[in-house]
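Notes follow once the structure below has been shown.
The values are calculated or read from the model by the stated rules, or taken from the named source; none is laboratory data. Note that the coordinates shown come from a computational prediction; the quantities given were computed from them, not determined experimentally. Here the Cβ positions follow ideal geometry from the backbone for every residue, glycine too, while neighbour counts run over all protein chains shown.
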Amino acid sequence: MNRNLFLLAVCQGLFLVNNVTFIAINGLVGLELAPFPWMATLPIMGYVVGGALAAPLVARTQERHGRRGSFQIGLIVALGSALLAAVAAQHQMFWLLLLATVIAGYYNANGQLYRFAAAELTHPAWHEKAVSLVLAGGLLGAVIGPNLANWTRAILPIPFVGAYIALAVVALVAMGLMALIRFPAEPTHHIETGQGRPMGQIMRQPVFFVATLSAAIGYGVMNLLMAATPLVMDQHQFAFGSIAMVLQWHVIGMYAPGFITGHLIRRFGVLQVMGVGTLLLALCVFVALSGTGMTEFMVALTLLGVGWNFLFTGSTTLALGAYRPEEKDRAQAAINFWVFVTMAVTSFTSGAVATTRGWAWLNLGSLPALLLVMMALFWLWRQEPKKAW
């Protein structure tokens, strides 16, 4: 852990404050403003659709302005979109809220690159630990995000307007911290000479395919169940404070393992850790199916977070070996694009299924996707069984 890595971890935490607060309140605000109940999670979907649409643009911005310049642009967008969402909530305008979350997706696409930038701030031998430690910075989001939503939701006459304004302040703080980070100089000659393999060739590598599939499905399953949780708990008459507590423990589960995940990957291998993460996600489903009490929600969502951490940290580490330095912007954008597409589908599916078919069907629908990940990990291991995965 060095100064730059520490500051990036804090910025990751503030990114998660934005992310978690959006998840905690957008579905509820959407439920209040949407013309039909099944449209409640469209603002959550807008956040990830915006990320998918912005991923290629962010890649070009990274090439042109470097890590810090691109990340600062993302934070400016975070500031503006939070204020726009506050206006939408103030004036009860559902479609303006949806537009604000789509715009905020640009910040989402930027923030998803923090984990890749972490590997550039330390020695190559410690890449997986750097990725893991920066992801652990998300604990800040776990502590602040749900509580921020709870504390600020009623400070103004119209619920949740204050929460969106608070997110604008969080963006300003992150901009100040990002200005202090010194990233390595960008290899501009790669951009000028157009070096690097075609994107199709990069994507056809088994290691890149499995890393992308695992990241996308891991995030998709996590998002499917997390986005629906506030709605389902609200349907079961839980107070918002209880909903915030469950989300808080979920995000703690997502990022607290970051302090040891890198060590586990070095000790046992990346495919093994990813496999354990997939099994933990399946265990989350079975706990969620066992009941709808506070204990079941708490345990299931915590397992969901830990499983996601193992699978997502592992897939990020796995992807680092699939592209060259001059290919990183395009390769990372491609991975994030498929993550966002999967999240967009699951965000919409989450609200639609939760309000029509129920919590049980939502969980059962996750199992085939998790089985696909396990098969992909086994297939990759069979490709090169002697490799030190």
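Things worth noting here:
- Qualifying positions in the range 117-131 - in a helix (DSSP H, G or I) and touching a Leu at 6+ places or on another chain (Cβ under 7 Å): 117, 118, 119, 121, 127, 130
- If only residues of the range 359-389 that are closer than 30 Å to residue 101 by Cα and free of Cβ contacts under 8 Å to residues at least 12 places away in the same chain are counted, the one that is surrounded by the fewest Cβ atoms within 10 Å (Cβ to Cβ) is 368.
- When residues of the range 7-50 are limited to those that are out of contact with any Phe, Trp or Tyr (no Cβ under 9 Å at 6 or more places or on another chain) and under 21 Å from residue 78 (Cβ atoms), the one modelled with the lowest pLDDT: 27
- Residue within the range 132-154 that is hydroxyl-bearing (Ser, Thr, Tyr), over 16 Å from residue 29 (Cα atoms) and not in a helix (DSSP H, G or I) present: no
- Within the range 35-65, the set of residues being touching a Ser or Thr at 6+ places or on another chain (Cβ under 7 Å) and surrounded by fewer than 17 Cβ atoms within 10 Å (Cβ to Cβ) comprises 37, 38.
- Condition check for residue 208: farther than 25 Å from residue 383 by Cα, surrounded by fewer than 24 Cβ atoms within 10 Å (Cβ to Cβ), of a type outside the set (S, T, N, Q) and touching a residue at least 40 places away in the same chain (Cβ under 8 Å): no
- Selection status of residue 302, touching a His at 6+ places or on another chain (Cβ under 7 Å), at pLDDT below 95 and within 26 Å of residue 241 (Cα to Cα): no
- Flag if residue 374 is modelled with pLDDT of 95 or more and either closer than 30 Å to residue 206 by Cβ or among the charged types (D, E, K, R) (or both): yes
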